Amino acid sequence: MEKYLVEIRIPSQAQTLDALLPPELTIGQAVELICQMTGDPEHWLARGQTAGILCNAQTGGAYPPDLLISESSICNGTRLILF
């Protein structure tokens with residue numbers, strides 16, 4: 001099973017982590033998993049969001065939650081920011 005090794009920065013938690021993302025997940029599913037990995041899914045609800053927004057760190061562009069990772073520009077080594 002192929003997975004993409006990415007770096008995810010979470011500025012609100014002053015945290016950076018590496019993650020393996022399966023290409024068959026949607027961006028929204030990946031965001032949910034990342035929130036679980038950080039151990040604080042309630043963080044997003046406290047900010048009035050149902051989930052975070054995942055952005056490409058290089059371009060600043062946000063990924064739509066329903067987009068499959070395999071159809072996005074995400075690949076090994078991509079740097080992401082979760083707001």
Between helix 27-37 and the chain, what is the angle of the helix's C-alpha long axis to the longest principal axis, kept within 0 to 90° and rounded to the nearest 10? 60 degrees
Can you tell which of PRO23, PRO64, PRO11 shows the greatest fluctuation in a Gaussian network model of the chain with Cα springs below 10 Å? PRO11
Give, in nm to one decimal, the length gained when the segment between LEU68 and ALA14 is fully stretched (0.36 nm per residue of separation minus the Cα-Cα distance). 16.7 nm
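With n ≥ 4 as the cut-off for DSSP H runs, can you work out [θ] at 222 nm for the chain, using -39500 (n - 2.57) per run divided by the number of residues, rounded to the nearest 500?
On the way: 2 runs with 16 residues, N = 83.
Rounded to the nearest 500, the figure is -5000 deg cm²/dmol.
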Debye intensity ratio in log₁₀ form over the Cα atoms of the chain, taken at each q of 0.23, 0.27 Å⁻¹: -1.15, -1.60
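Where a number appears in this text, it was derived from the coordinates with a stated rule and is not lab data. All of these numbers come straight from a predicted model, not from anything done at the bench.
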